[in-house]
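K.L.:
Before we start, here is the structure in question, set down as structure tokens.
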Amino acid sequence: MTDTTVTDTGTGYGRKPSSHDARLTEVGPGTPMGEALRRYWHPIASSTALTSDVPHRARLLGENLIVFRDGQGRPGVVFERCAHRGSSLFFGRIEEDGIRCCYHGWKFDVQGHCVEQACELDGGRRRNLARQPWYPVEERYGLVFVYMGPPELKPPLPRFDSLESLEEGESYFSSWLVPGAEVVGLEQDFNWLQIFENAVDPVHASWLHSNHSGFQFQGTGTTGFPESYYDPSTVAERVTYHRTDHGVKYIQRYQDKKGPDGELVDIDWSVELQLPNIICLPDFIRVTPDARHDMLIWVVPVDDTHHRLVFSIRSADPSRLESFVFGIKQNGKDGWLLTDEERQRFPGDYEAQWSQGPITQHSEETLAPSDKGVVMLRRMLRTMLDDVEAGRNPLGVGTPGEPVRHVEAGVFIRREAGDDVLNPTAADTAAGA
């Protein structure tokens, strides 16, 4: 029999409609975050995979773009819609000096100049009046970068110490070993901020990637993390969060037999996020203390409900690329091989982040102390927005003559402040963690 004398509390009845934080998540032209992100360079394609064969669609920040390489090897980024009658340049033909539209044969170079109008007298006597909208590009670290912001504010393309200079035998790996993602990166169907925040949320590994779904990081217990790394009862006290010159990082302390003589030592695992969308993630399959950091990942917003992952790895070993791409398994399988039941029983990052919704509903969140990194990141992003709106340069925008940027990520044997050998992360930990 139901007791009707006590009023139920906390039910879903009468709740206000949920909402997302539009300032942080929406990236189209004219939006606060869209305008802020347009102040930075973003990778749009892998240099090695971008050939003069065919053009490629690459939607970024809510704009439909085409990235191509002409017959002279020059990369170009132009609007997809032809400036003549609107046909898609995805169906265009690459030629020595540009891309030619399939509809009427208008040809544009990598800066959008119309160099020929095939069906007009003399190749188009007024072709100089037509201009295909375009964006500046630069190549570095095995990637093609595009700048989509105000031309008068175009900053230098930043440099990072973890990716240069190449040592003997090293090269850049920047192309996914996944069909369809080789040129413009791996696209996922939810908002960019959900995966970017995940990178500064280390405690999820102590549940999602271990206790809930079984150990998903390959190398666990051998070349990677010891099983004790994932202990959910101690992780909160082993993680600290810190501001850096270019963003935010966390340091997670654990113990492992990584010392010179195989003794049990304290290890600091550090991941840094640099604004606006860079993840500095060390190798988690072969965890090697005090090794030089070697990879950056960019979370590039496609539009409000999609993003694309683009990366560059500096290495002499091709297996480093393979371990990154295939280093997380669910029920012993790669994600695209799972059945629906396996996804439910053994969820991973995609399932957890995608299930938040195309854009997570921030009004429905209940944050806890372990979300400190997420809170720090959101505050920094809001400051970035405020700076742009106030006419200031936001954190992370390149400046002329700036030095190569230091990446504060890696795996380090924790040393006391008085030790002879110190690295920046270990010193920072000893001083203030």
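K.L.:
Where the only charges are on Cβ atoms (+1 Lys, Arg; -1 Asp, Glu), what is the dipole of the range 166-413 about its Cα centre, to the nearest 20 debye?
P.N.:
Here the size comes out at about 260 debye.
K.L.:
Another question, if that's okay. Ser315's amide H: which non-local residues (gap 5+, or another chain) put their own amide H closer than 5 Å, with H modeled 1.01 Å from N in plane and none for Pro or chain starts?
P.N.:
Under 5 Å from the amide H of Ser315 lie the amide H atoms of Ser171, Phe173, each far enough along the sequence or on another chain.
K.L.:
Next up: How much length is gained if the chain between Arg23 and Glu322 is pulled fully straight, taking 0.36 nm per residue apart and subtracting their Cα-Cα distance, in nm to one decimal?
P.N.:
Full extension of this stretch gives 104.0 nm more.
K.L.:
Turning to a different aspect of this structure: In whole Å, largest first, what are the principal axis extents of the Cα atoms in the range 166-413?
P.N.:
Largest first, the range 166-413 extends 53, 45, 40 Å along its Cα principal axes.
K.L.:
Of Ile251, Gln361, Val310, which is farthest on the positive side of the dipole of the range 166-413, counting Cα position, with +1 on Lys and Arg Cβ, -1 on Asp and Glu Cβ, and the Cα centre as origin?
P.N.:
The residue sitting most towards the positive pole is Ile251.
K.L.:
So, R0 is 41 Å and r is the distance between the beta-carbons of Arg243 and Lys16; what FRET efficiency does that work out to, to 0.05?
P.N.:
Step by step, r from the Cβ atoms, then E = 0.75.
K.L.:
How far apart, in nm, are the 7 Å Cα→Cβ label points at Glu389 and Glu164?
P.N.:
Here the modelled spin labels are 3.5 nm apart.
K.L.:
With labels modelled as points extended 7 Å from the Cα through the Cβ direction, what inter-label distance (nm, one decimal) is found for Leu264 paired with Asp231?
P.N.:
0.9
K.L.:
Measuring with a 1.4 Å probe in the full set of protein chains, what accessible area per residue, in whole Å², belongs to the chain?
P.N.:
So the chain comes to 47 Å² accessible per residue, rounded to a whole number.
K.L.:
Note the per residue figure in Å³ for the convex hull of the C-alpha positions in the chain.
P.N.:
Taking only Cα atoms, the chain has a hull volume of 204 Å³ per residue.
K.L.:
So, one more: Return the FRET efficiency for the residue pair Ala291, Leu121: r is the Cβ-Cβ distance, R0 is 51 Å, and the value is rounded to the nearest 0.05.
P.N.:
With R0 = 51 Å, the Cβ-Cβ based efficiency is 0.20.
K.L.:
Also, I was wondering about something else. Using the Cα centre as the reference, give the magnitude of the dipole from point charges on the C-beta atoms of the range 39-153 (Lys, Arg: +1; Asp, Glu: -1; all else neutral), rounded to the nearest 20 debye.
P.N.:
Dipole size: approximately 320 debye.
K.L.:
Over 26 Å, how big is the tail of the calculated P(r) for the range 39-153, in percent of all Cα pairs?
P.N.:
The proportion of pairs with Cα distances above 26 Å equals 15 percent.
K.L.:
How high is the FRET efficiency from Asn64 to His104, r the C-beta distance, R0 22 Å, rounded to 0.05?
P.N.:
For Asn64 and His104, the calculated efficiency is 0.65.
K.L.:
Would you mind checking the range 228-269 for residues with the amide N under 20 Å from a putative spin-label position 7 Å along Cα→C-beta of Thr222?
P.N.:
Only 228-230, 256-259, 262 pass the distance filter.
K.L.:
From the cross-link list Lys258/Lys329; Lys154/Lys329; Lys16/Lys329; Lys16/Lys249; Lys16/Lys333, which pairs have alpha carbons spaced over 32 Å apart?
P.N.:
Violating the 32 Å limit, Cα to Cα: Lys154/Lys329; Lys16/Lys329; Lys16/Lys249; Lys16/Lys333.
K.L.:
Measure nothing fancy, just the Cα-based angle from helix 372-389's long axis to the longest principal axis of the chain, in degrees from 0 to 90, nearest 10.
P.N.:
Helix 372-389 sits roughly 30 degrees off the main axis of the chain.
K.L.:
How large a share of the accessible area of the chain, in percent, is made up of carbon and sulfur atoms when the probe is 1.4 Å and the other protein chains stay in place?
P.N.:
The C+S portion of the solvent-accessible surface of the chain is 51 percent.
K.L.:
Ignoring everything except DSSP H segments at least 4 long, calculate the 222 nm mean residue ellipticity for the chain; use -39,500 (n - 2.57) per segment, divide by total residues, nearest 500.
P.N.:
-4000 deg cm²/dmol
K.L.:
Show me 29-36, 153-160 ranked by packing, highest mean number of other Cβ atoms within 10 Å first.
P.N.:
Final packing ranking: 29-36, 153-160.
K.L.:
Suppose every K and R has +1 on its Cβ and every D and E has -1 on its Cβ; what is the size of the dipole of the chain about the Cα centre, in Debye to the nearest 20?
P.N.:
1340
The values are calculated or read from the model by the stated rules, or taken from the named source; none is laboratory data. Every value quoted in this text rests on a predicted model; they were computed, and no experiment measured them. Methodologically, a virtual Cβ is constructed for each residue, glycine included, from the backbone with ideal geometry; neighbour enumeration extends over all protein chains shown. Side chains are part of the model used for accessible areas, which takes the heavy atoms of the whole protein and leaves out ligands, DNA and RNA. Shrake-Rupley method; radii C 1.70, N 1.55, O 1.52, S 1.80 Å.
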